[in-house]
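One structure below.
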Amino acid sequence: PSAPTPACGGPSFNILNGGERSQASVERRRDVLVFSSARLPEPLTVAGPVGLTVRVAAAAPSIDVVGRLCLVTDLGGSVNLCEGMLRLRAPMDAASGGAQVGGGVDGPGVEARVELGPVAAEFPRGSRVRLHVCSAAHPRWMRNLCDDPRVPLGEQRTGMAAKVRVWVDGSSRLVLPSIPSEARRGVGPL
């Protein structure tokens, strides 16, 4: 919580940090998982809402899950296209005390559905689709102090870094609204 993953580009009123930006500095961080497709054999057009379903567990009562869709050019540069965030909180009651998201890092996990927002982009032949999964995009979203969500925000204190487990066994998935190549050429229905 004391050094949250920074937001680099994306929706912002700050003209110095808005829009498409190189993601090289973000991708070098140890707290960002980066998943890349193989080089695309043909162009891919995506248009519509992008969704990410990811199974996670954490050694904290509250965490954020951030998903970011990026385009990797044939030269290797990565730029952001859209992103979304979901705050997860462990079920709390008077008896649970130290509840953790998904039962803790050794627990069964919980399925998080993150809406990354709408996109309209053409991935050229030879480019790659890239996904970031992390726990912050500060200052776009207020940092999560990983504290007990029952404690009022003004009384929370920065907690310890939370260990987060992300499943990569097929239970997590990115859903892209792709447009068939025939429709892009004006042949057939959309």
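The values are calculated or read from the model by the stated rules, or taken from the named source; none is laboratory data. For clarity, every value in this text was computed on a predicted model and none was experimentally measured. When we count neighbours, we look across all protein chains shown, and the Cβ atoms used for this are built from the backbone with ideal geometry, even at glycine. The accessibility values were calculated without ligands, DNA or RNA, using every heavy atom of the protein model including side chains. Shrake-Rupley method; radii C 1.70, N 1.55, O 1.52, S 1.80 Å.
Given the conditions (1) open to solvent by less than 70 Å² (accessible area, probe 1.4 Å); (2) touching a Pro at 6+ places or on another chain (Cβ under 9 Å), and given that Arg29 satisfies all but one, which numbered condition is not satisfied?
The failed condition is (1).
Could you tell me how many of the residues in the stretch 7-23 are open to solvent by 50 Å² or more (accessible area, probe 1.4 Å) and either among the hydrophobic types (A, V, I, L, M, F, W, C) or in contact with a helix residue (DSSP H, G or I) (Cβ under 9 Å, 6 or more places away or on another chain) (or both)?
Counting residues in the stretch 7-23 that are open to solvent by 50 Å² or more (accessible area, probe 1.4 Å) and either among the hydrophobic types (A, V, I, L, M, F, W, C) or in contact with a helix residue (DSSP H, G or I) (Cβ under 9 Å, 6 or more places away or on another chain) (or both) gives 3.
Which condition does Val79 not pass, out of (1) out of contact with any Lys or Arg (no Cβ under 7 Å at 6 or more places or on another chain); (2) under 30 Å from Phe13 (Cα atoms); (3) at pLDDT below 95, if it passes all the others?
(1)
Look through Ala60, Ala112 and report the one residue that is more than 20 Å from Phe35 (Cα to Cα) and outside any helix (DSSP H, G or I).
Working: Ala112 fails: more than 20 Å from Phe35 (Cα to Cα).
Only one candidate qualifies: Ala60.
For the stretch 147-174, how many residues are open to solvent by 80 Å² or more (accessible area, probe 1.4 Å) and either within 19 Å of Met85 (Cα to Cα) or not in a helix (DSSP H, G or I) (or both)? Give the steps one after another, and end with the answer.
First pass over the stretch 147-174, keeping only residues open to solvent by 80 Å² or more (accessible area, probe 1.4 Å): 150, 153, 155, 157, 160-161, 163, 165, 168-169, 173.
Those left that are additionally either within 19 Å of Met85 (Cα to Cα) or not in a helix (DSSP H, G or I) (or both): 150, 153, 157, 160-161, 163, 165, 168-169, 173.
Within the stretch 147-174, residues that are open to solvent by 80 Å² or more (accessible area, probe 1.4 Å) and either within 19 Å of Met85 (Cα to Cα) or not in a helix (DSSP H, G or I) (or both) number 10.
Would you be able to say whether some residue in the stretch 30-41 is among the hydroxyl-bearing types (Ser, Thr, Tyr), assigned to a strand (DSSP E or B) and over 14 Å from Leu174 (Cβ atoms)? Quick ask: steps written out before the conclusion?
Of the residues in the stretch 30-41, the ones among the hydroxyl-bearing types (Ser, Thr, Tyr) are 36-37.
Within this subset, residues satisfying the condition of being assigned to a strand (DSSP E or B) are 36.
Within this subset, residues satisfying the condition of being over 14 Å from Leu174 (Cβ atoms) are none.
No, because not a single residue in the stretch 30-41 is among the hydroxyl-bearing types (Ser, Thr, Tyr), assigned to a strand (DSSP E or B) and over 14 Å from Leu174 (Cβ atoms).
Return the residues of the stretch 54-84 that are open to solvent by 10 Å² or more (accessible area, probe 1.4 Å) and over 19 Å from Val129 (Cα atoms); say none if nothing qualifies.
Across the stretch 54-84, the qualifying residues are Arg55, Ala59, Pro61.
Which residues, counting only those in the stretch 43-76, are more than 24 Å from Ala161 (Cα to Cα), modelled with pLDDT under 95 and of a type in the set (Ser, Thr, Tyr)?
Thr73
Each row is one residue, and each column tells you yes or no for (1) β-branched (Val, Ile, Thr); (2) within 12 Å of the chain's Cα centre (by Cα); (3) over 27 Å from Gly104 (Cβ atoms).
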{"position": "Thr5", "(1), (2), (3)": "yes, yes, no"}
{"position": "Ala24", "(1), (2), (3)": "no, no, yes"}
{"position": "Ser36", "(1), (2), (3)": "no, no, yes"}
{"position": "Val46", "(1), (2), (3)": "yes, no, yes"}
{"position": "Ala57", "(1), (2), (3)": "no, no, no"}
{"position": "Val65", "(1), (2), (3)": "yes, yes, no"}
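Limited to the stretch 93-104, what total is found for residues that are surrounded by 15 or more Cβ atoms within 10 Å (Cβ to Cβ) and either in contact with a His (Cβ under 8 Å, 6 or more places away or on another chain) or modelled with pLDDT under 85 (or both)? Before you say what the answer is, go through the steps one by one.
The first filter runs over the stretch 93-104 and keeps only residues surrounded by 15 or more Cβ atoms within 10 Å (Cβ to Cβ), leaving 99-102, 104.
With either in contact with a His (Cβ under 8 Å, 6 or more places away or on another chain) or modelled with pLDDT under 85 (or both) added as a condition, the list becomes 99.
Count: 1.
Could you tell me how many of the residues in the stretch 126-146 are assigned to a loop (DSSP other than H, G, I, E, B) and under 17 Å from Arg29 (Cα atoms)? Please lay out each step first, then the result.
Just the residues of the stretch 126-146 that are assigned to a loop (DSSP other than H, G, I, E, B), to begin with: 126-127, 135-137, 139-146.
Still in the list and also under 17 Å from Arg29 (Cα atoms): 135-137, 139, 143.
Residues in the stretch 126-146 being assigned to a loop (DSSP other than H, G, I, E, B) and under 17 Å from Arg29 (Cα atoms): 5 in total.
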